[in-house]
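The structure under discussion appears below in the form of structure tokens.
The values are calculated or read from the model by the stated rules, or taken from the named source; none is laboratory data. Computed from a predicted structure; not experimentally measured. No Cβ is skipped: glycine too gets one built from the backbone with ideal geometry, and neighbour counts run over all protein chains shown.
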Amino acid sequence: MNQVLRGAIVGGVVGGAIAALQAARRPASATVGTSTDVAPAIARGVAEGALVGTFVGIVVDRRARSAAVAMAGEGAVRGRRVAEKARPGLESAYESVGEQLHEIGDTVSTALVPPVLAVAERAFEVLGDALGDAVDTARPAVGSAVDSVRDRASALAA
């Protein structure tokens, strides 16, 4: 649409300019001598130029659209060819990365998991020992507190 509008404007300007030049070259006897007799001729030149420019703009616009469609189709074909050429490389990279990740997983499971489990087991042992010591330390105090509560409860009941 842009080409059509541009063609109409350029055609109108060129048609008006040509009509004005022709009117200026006419001998004085051919015109009555008033400027209003020249104005319809210039207006007619502008209209005819705009009509021709619009037609040229339509032709140019259609050619541009068909060229764009052809280029888009050609670009799609080229893109597909590039993708087909790149596919083997991408597949081998995918396989290589997969193998490397598998090796990393094996390394982690053999090198890191056993020491972490050993540390966790040792932490449970230490925690168990600490809790056992705490219970052993608190047992006499708790026993005497229970005995004291029993004595008071029996004193209150009597």
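In segment 47-92, what count of residues is obtained for those that are farther than 30 Å from L5 by Cα and of a type in the set (A, V, I, L, M)? I'd like the intermediate steps shown before the answer.
Going through segment 47-92, the residues farther than 30 Å from L5 by Cα turn out to be 76-92.
Retained after the next criterion (residues that are of a type in the set (A, V, I, L, M)): 76-77, 82-83, 86, 90.
Result for segment 47-92: 6.
Within segment 1-26, the only residue that satisfies the criterion of being of a type in the set (D, E, K, R) and under 22 Å from F55 (Cβ atoms) is R6.
Taking each residue of segment 60-89 that is in the same structural domain as R6 (by TED's automatic domain parsing) and looking for partners that are among the acidic types (D, E) and outside any helix (DSSP H, G or I) with beta-carbon atoms closer than 7 Å, six or more apart or interchain, yields nothing.
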